């Protein structure tokens, strides 16, 4: 029975056997081609002429060029952080903007530094760098070892060129009511914070009329005030005066010797009459304070 089943399902006639033989030959050829063909392909044979070209914008460099330019969408501060910082000896009187960037100085501080130098300030000592607003203590400590200021010879080029000089203490001093931050920074005893407080109080005051007023500046003690007197002088003609009959409430209240309460009373009283010195003195109700205020007053 088993033989009958095999003969029934697996017996082939002559035509069927011929077909199976041809099919087996074709399969064998395909298998051989699949194994052999990959070994005949080389990279240089591949053609890319029909590949689509990618658009290249103006900010993209050619393949192989380095470094690649960052996209405009990348924050500028982030790009600055990617730039390597190198510390090297530099002269603050001649160092360039790009060199300051390489040294790691912030861009905002660099602008202040360059303006500082353009106004004529000359760095004579390493510590002068601290006079530039924005130079923190940490930044100064990092840069200080690399500050290199050449020592300038004071000897005359020719002995016959030497002329006797007479020092005039009046002309060598700085006028306190007209000096800007750059001029004040040339005074060694003043640091940027002291200069800032000094100018702020001078603006509120309207100018200085006496040296004792330096004691009123925030951060100044009596010793510092006396020390500063050796370097400055006061031109009383440069003070800004107040007219109680015309000045605004803001101008009056900002005057340290007036204040908001007295300023409001002055404004109210002048609505009914033209004020004179006695009226202001009555409003102030403080002879000492009125004595301080008097040099800053002018009347119609």
Tally of residues being touching a residue at least 24 places away in the same chain (Cβ under 8 Å) and either in contact with a strand residue (DSSP E or B) (Cβ under 9 Å, 6 or more places away or on another chain) or loosely packed, with under 12 Cβ neighbours inside 10 Å (or both) across region 83-124
10
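State whether one or more residues within region 258-269 are in contact with a strand residue (DSSP E or B) (Cβ under 7 Å, 6 or more places away or on another chain), surrounded by 12 or more Cβ atoms within 10 Å (Cβ to Cβ) and either without any contact (Cβ under 8 Å) to a residue 24 or more places away in the chain or not in a loop (DSSP other than H, G, I, E, B) (or both). So that I can check it myself, show each step before the final result.
Taking region 258-269 as the starting set, the residues that turn out to be in contact with a strand residue (DSSP E or B) (Cβ under 7 Å, 6 or more places away or on another chain) are none.
Scanning region 258-269, I find no residue that is in contact with a strand residue (DSSP E or B) (Cβ under 7 Å, 6 or more places away or on another chain), surrounded by 12 or more Cβ atoms within 10 Å (Cβ to Cβ) and either without any contact (Cβ under 8 Å) to a residue 24 or more places away in the chain or not in a loop (DSSP other than H, G, I, E, B) (or both), so the answer is no.
For region 174-254, list the helices (runs of 4 or more DSSP H) that sit wholly inside it and hold at least 3 residues that are under 25 Å from the mean Cα position of the chain (by Cα) and either closer than 21 Å to residue 125 by Cα or outside the structural domain of residue 272 (by TED's automatic domain parsing) (or both); which are they?
181-185, 192-205
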Consider residue 87 carefully, then state whether it is part of a loop (DSSP other than H, G, I, E, B) and either under 35 Å from the mean Cα position of the chain (by Cα) or modelled with pLDDT under 80 (or both).
yes
I'm trying to understand the selection: among the residues of region 224-246, which are under 30 Å from residue 267 (Cβ atoms), surrounded by fewer than 16 Cβ atoms within 10 Å (Cβ to Cβ) and in contact with a strand residue (DSSP E or B) (Cβ under 7 Å, 6 or more places away or on another chain)?
241
Return the pair list, or none, for Cβ contacts closer than 6 Å from residues in region 194-205 that are closer than 17 Å to residue 228 by Cα to residues that are in a helix (DSSP H, G or I) and at pLDDT below 95, at least 6 apart or on different chains.
195/181; 195/184
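The values are calculated or read from the model by the stated rules, or taken from the named source; none is laboratory data. These numbers were taken from a predicted model, which means no experiment stands behind them. Every residue, glycine among them, receives a Cβ derived from its backbone with ideal geometry; neighbour counts consider all protein chains shown.
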